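*Asks:* Sharing a structure with you now.
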Amino acid sequence: MVSSELTAPAEQSEIYSESVSSNVIVSWFSGYITPELADDRRVQFRPLLARCSTPTWIMELTAMTGFDPRTVAAGAKWLRAFKESGGREILFISAQSAARAAVSGVALGMRIPVRFFDDLDECFKTLGIILPVRRSIPPLI
């Protein structure tokens, strides 16, 4: 017997970070985030921090579908690197209460303020950033 059922393609999970101004870094999270992915992509994040004197970090999670609970510990390494680089504030974009609770708890423990936003445009407007091309999702790597 031949099956006519199609399997959905595997969800593509990614974390992509880039500098959008001299002291602002945006990290886009998409798909299901695992601790292994978070640890792997932190290598890309650290050099961006090194170029900032007082970095502001925008975490854009609107395309994230979920995360492994162990990812909270991996995420704490990102926040520690951010704080050690002189980071002063995290701007967080997500409607997921579990993600908001996770980042709030870790950031509170490290005394890093977090502000919540509905979308990237609102966040950029608050910071006074005007990009030449509007973009909500990073290019594929």
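Laboratory data are not the source of any read-out in this text; all were calculated from the coordinates shown. Only a predicted model underlies this, so the values are computations on that prediction, with no experimental measurement involved. Cβ: placed from backbone, ideal geometry, glycine included. Neighbour counts: every protein chain shown.
*Asks:* Compute the distance in nm between two label points, each set 7 Å from the Cα along the Cα-to-Cβ direction, one at D119 and one at R70.
*Replies:* The answer from the label model is 3.7 nm.
*Asks:* To continue, here is another question. Would you mind putting 53-61, 72-80, 39-47 in packing order, based on average other-beta-carbon counts within 10 Å, highest first? Could the numbers behind the result be given before it?
*Replies:* Details: 53-61: 20.6, 72-80: 18.3, 39-47: 14.6.
By packing density, highest mean first, the sequence is 53-61, 72-80, 39-47.
*Asks:* Right, here's the next one. Using the Cα atoms as the points, what is the convex hull volume per residue of the stretch 28-85 in Å³? Mind showing how you got there, number by number?
*Replies:* Working: hull volume 4.0 nm³, N = 58.
Taking only Cα atoms, the stretch 28-85 has a hull volume of 68 Å³ per residue.
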